[in-house]
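Contents: one structure, followed by commentary.
Every number here is computed from the coordinates shown, using simple stated rules; none is lab data. Everything numeric in this text was worked out from a predicted model, so none of it was measured. FYI the Cβ positions are ideal-geometry reconstructions off the backbone, even for glycines, and counts take in every protein chain you see.
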Amino acid sequence: MRVRSLTRDDLPAVADIAFHAFEKDEFFGWLNPGRDKYPDDLRRSQKILMRRRLVTPGQYGYVAETEEGDEDWTGKSEILGFAFYSRSVGDEAAKRWRADTLFNKFERKLLAWEEWYHDKFLNRALDAERLAEYIRMEPWNYFVPINPRWHLGLLCVSPKHQRRGIGSLLLKQGQKLATDEKLPLTLESSVVGRKLYLKSGFKNVGEAKLCEEFADVLMVWEPAGMEGAWLEEIESETSKMKGGEQSMSNLGKS
């Protein structure tokens, strides 16, 4: 099994994995109450979202796929999971990581119209009012005090290939990015993912409500040898982020 950069050709497989990975997720079901009745609308939405991530400056996608020699090798590589990492602003190196292209700018303009039309007229799985509530409450600014950093925006493993270390393999890719630059790695974890992240050395630094019914745990990982650079009062699973009080007051604000 190997990890490589995600390409445009991978988008159909990646969107399909996301669709099935979130099939039983409670928050995702709350956000998309029509997912069982209109699964094709949800699949279309997933494809659009993955395309947007791929052309957004500072976003980097990776896939885990089978390779020759694996026990389930069929003669053709199969994508088993994927992850998207983003590089924040905050230092000179960010300019390189967040470089843009004319093609990506053009693609985002097309996607902006496509997203609007899809959500307005085609996406019967989504509850628009609930999406607006989520956007309003999402803690966009919480980790700003420890910029620059890497952030895990999304990690999905095919339900058919769970418990094979695929999530850990994809997570190590982000830890390598952070280690190479001597930066922290942050994420917002659902209930399902917390065990993996705690096992991988992440610390719980707070909780943020996604809506009235659901909340995510905010987590930070520090490269080996740099423990305490961004966290303090470190315990086995929890810690306190330096500057966290200021950022916590901004939760839900744009």
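Computed quantities for the displayed model
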| quantity | calculated |
| --- | --- |
| Karplus-derived 3J(HN,Hα), 6.51/-1.76/1.60, for each residue of segment 23-36, Hz, glycine and proline x | 4, 10, 5, 5, 5, 4, x, 5, 6, 10, x, x, 5, 6 |
| Gaussian network model of the chain, Cα within-10 Å springs - most flexible of F84, F27, F202 | F27 |
| Helix-only [θ]222 nm of the chain, DSSP H runs n ≥ 4, -39500 (n - 2.57) each, per residue, nearest 500 | -10500 deg cm²/dmol |
| Those chymotrypsin sites (Phe, Trp or Tyr not before Pro) in segment 88-183 that DSSP places in a loop and that have at most 14 other beta carbons within 10 Å | W140 |
| Highest-MSF residue in the chain out of A64, A93, A125 [GNM, Cα springs under 10 Å] | A93 |
| Normalised contact order of segment 1-142, rounded percent, pairs of Cα under 8 Å and 6 or more residues apart | 31 |
| Filter on K160/K195; K47/K240; K105/K203; K109/K199 - keep pairs with C-alpha separation over 30 Å | K47/K240; K105/K203; K109/K199 |
| Of the trypsin sites (Lys or Arg not before Pro) in segment 66-137, those whose Cβ has at most 15 other Cβ within 10 Å and which sit in DSSP loop | K76, R98, R124 |
| Percentage relative contact order, segment 75-225, counting C-alpha pairs under 8 Å, at least six apart | 27 |
| Residue of R51, R163, R43 that the Gaussian network model of the chain assigns the largest fluctuation, springs spanning Cα pairs under 10 Å | R163 |
| Of the GluC sites (Glu not before Pro) in segment 75-152, those whose Cβ has at most 13 other Cβ within 10 Å and which sit in DSSP loop | E92 |
| For segment 70-82, Karplus couplings with θ = phi - 60° (6.51, -1.76, 1.60), whole Hz, Gly/Pro x | 5, 5, 9, 5, 10, x, 9, 5, 10, 6, 9, x, 8 |
| Computed magnitude of the charge dipole of the chain (debye, nearest 20; Cβ of K, R +1, Cβ of D, E -1) | 600 |
| Cα-based shape type of segment 2-248, given that a ≥ b ≥ c are square roots of the gyration tensor eigenvalues and the cut on a/c is 1.5 | rounded |
